[in-house]
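Report on one structure; see the data block that follows.
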Amino acid sequence: MTSARPVNRTYRAAAVFLRPILSSMTRRDWQGSEHLAGSDGVIVAANHVTQFDPLTLAHFLYDQGRAPAIMAKHSLWDVPVLGTILTNTGMIPVRRGSSAALESLETASDRLAEGRCVAVFPEGTVTRDPDLWPMVGKTGTARLALMSGAPVVPVAQFGAHQILPAYSKKFRPFPRKDVSVHAGPPVDLDDLRDRPVDGLVLKDATARIMKAITDLEAGIRGETPPEPFDPRAARSTEDR
């Protein structure tokens with residue numbers, strides 16, 4: 001595989017420090033490396049089960065020769081030390097619900113043009129599905145794919161929640177946990193790329209991306225997924 005890892009010293013130092021620690025906590029089932037081969041820009045769209053799985057996703061991608069620029073909520077940049085590390089490793093802050101959200105997509109598009117791997121969690125947050133299946137996705141990933149022309153490789157991961165359960169502080173690194181991360185073939189968006197980027201196109205593209213991720217997770221779990229949980233519909237029901 002042609003390596004697309006950056007020469008950034010901070011990134012290399014973080015990887016040297018973190019990879020042995022993560023390896024000591026996990027028994028890894030990495031699959032689908034062939035879908036990440038090459039050095040062209042690629043969007044990796046992954047499900048989000050726990051606050052810990054950005055680390056396992058980054059571990060998987062780095063092992064495939066891809067050092068990801070992860071799109072993450074901007075508040076993380078306010079954390080002392082962490083914010084500096086995120087900046088120096090080229091991570092991308094996202095300010096949702098503001099005009100600055102478009103700036104984050106433009107930054108991500110620039111990274112893709114440079115041949116970087118940009119990792120995105122299309123759900124926008126850790127899943128609220130009670131059985132940890134992917135939720136209905138937000139449209140930012142689809143918009144990035146259509147504005148940049150970059151392929152979207154779906155990735156499903158499962159098992160990191162055993163180390164740190166969702167919305168919990170109960171860190172359980174030992175004994176080692178089984179963690180699966182599987183990449184699939186790029187999502188077919190070709191028929192949408194020449195169309196005006198309106199709400200219907202974004203919704204269609206987002207649904208395709210989330211279905212590909214969900215199908216991969218179903219393969220990992222050996223289960224049939226339910227209809228995607230829609231947090232907006234759930235909030236609407238609660239407000240009645």
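The values are calculated or read from the model by the stated rules, or taken from the named source; none is laboratory data. This is a predicted model, so every value here is computed, not measured. Heads up, the Cβs are rebuilt from the backbone with ideal geometry, glycines too, and the neighbour counts pull from every protein chain shown. Only protein heavy atoms, including side chains, enter the accessible area calculation; ligands, DNA and RNA are left aside. Shrake-Rupley method; radii C 1.70, N 1.55, O 1.52, S 1.80 Å.
Between residue 69 and 117, 118, 119, the built amide H atoms are under 5 Å apart, and every one of these is 5 or more places off in sequence or on another chain. In a reduced charge model with +1 at each Lys and Arg Cβ and -1 at each Asp and Glu Cβ, the stretch 50-121 shows a dipole moment near 80 debye about its Cα centre. Of the residues 192, 207, 166, the one whose Cα sits farthest toward the positive end of the charge dipole of the stretch 116-240, with +1 on the Cβ of Lys and Arg and -1 on the Cβ of Asp and Glu, is 166. Scaled against 2.2 N^0.38 Å for its residue count N, the alpha carbon radius of gyration of the stretch 75-208 is 1.17.
If you place +1 on the Cβ of every Lys and Arg, -1 on the Cβ of every Asp and Glu, and leave all else neutral, what size is the dipole of the stretch 141-240 about its Cα centre, to the nearest 20 Debye?
Details: 15 positive and 14 negative charges, 134 e Å.
Using only the charged Cβ atoms, the result is roughly 640 debye.
Think of the chain as having a plus end and a minus end, set by charges on the Cβ of Lys, Arg, Asp and Glu; of 35, 71, 14, 14 sits farthest toward the positive end of this dipole. Full extension of the chain between residue 193 and residue 147 gives 15.7 nm of extra length, using 0.36 nm per residue less the Cα-Cα distance. For the stretch 162-172, the Karplus equation 6.51 cos²θ - 1.76 cosθ + 1.60, evaluated at θ = phi - 60°, returns couplings of 6, 7, 9, x, 4, 6, 9, 10, 7, 7, 10 Hz by residue, with Gly and Pro reported as x. Which values of log₁₀ I(q)/I(0), to two decimal places, follow from the Debye formula for the stretch 104-143 at q = 0.23, 0.31, 0.36 Å⁻¹ with a uniform point scatterer at every Cα? Log10 I(q)/I(0), no solvent term: -0.77, -1.04, -1.21.
Calculated mean residue ellipticity, 222 nm, the chain: -11500 deg cm²/dmol, from DSSP H runs (n ≥ 4) at -39500 (n - 2.57) each, averaged per residue and rounded to 500.
Considering only protein heavy atoms, with the full assembly of protein chains and a 1.4 angstrom probe, order 163, 220 by accessible area, largest first.
Working: 163 0, 220 40 Å².
Reading off the accessible areas and sorting them downward yields 220, 163.
Dipole magnitude for the chain: about 960 debye, using +1 per Lys or Arg Cβ and -1 per Asp or Glu Cβ, origin at the Cα centre. Enclosing the Cα atoms of the stretch 116-176 in their convex hull gives a volume equal to 113 cubic angstrom per residue. Using a 1.4 angstrom probe on heavy atoms only, work out the carbon and sulfur share of the accessible area of the chain in %. C and S fraction of accessible area: 54 percent. Can you tell which of 121, 60, 225 lies farthest toward the positive end of the dipole of the chain, using +1 and -1 charges on the Cβ of basic and acidic side chains (Lys, Arg; Asp, Glu)? The Cα lying farthest towards the positive end belongs to 60.
Which residues make up the longest stretch of the chain that has no chymotrypsin sites (Phe, Trp or Tyr not before Pro) in a DSSP loop with at most 14 other Cβ atoms within 10 Å?
By the stated rule (loop sites, at most 14 other Cβ atoms within 10 Å), 1-166.
Assuming R0 = 25 Å, what is the FRET efficiency of residue 24 and residue 220, from their Cβ-Cβ distance, to the nearest 0.05? Don't jump to the answer; show the numbers that get you there.
Values: r = 22 Å, r/R0 = 0.88.
Working from the Cβ atoms, E equals 0.70.
Residues of the chain: accessible area per residue at 1.4 Å, in Å²? Please report the intermediate quantities before stating the final value.
Details: 12090 Å² over 240 residues.
Value for the chain: 50 Å² per residue.
Note that the stretch 134-150 has calculated 3J(HN,Hα) couplings of x, 8, 4, x, 8, 8, x, 5, 4, 4, 4, 4, 6, 7, 9, x, 6 Hz, one per residue in order, obtained from phi through the Karplus relation 6.51 cos²θ - 1.76 cosθ + 1.60 (θ = phi - 60°); glycine and proline are x.
Among DSSP beta bridges lying fully in the chain, give the percent that are antiparallel, nearest 5. Intermediate values should be presented prior to the final figure.
Numbers: 4 of 25 bridges.
For the chain, the DSSP antiparallel bridge percentage is about 15.
Taking every alpha-carbon pair within the stretch 51-119, the share separated by more than 15 Å comes to 56 percent.
Inter-part distance, the stretch 1-71 to the stretch 98-143, computed on C-alpha centroids, equals 16 Å.
Rolled with a 1.4 Å probe across the full set of protein chains, the surface gives residue 164 an accessible area near 30 Å².
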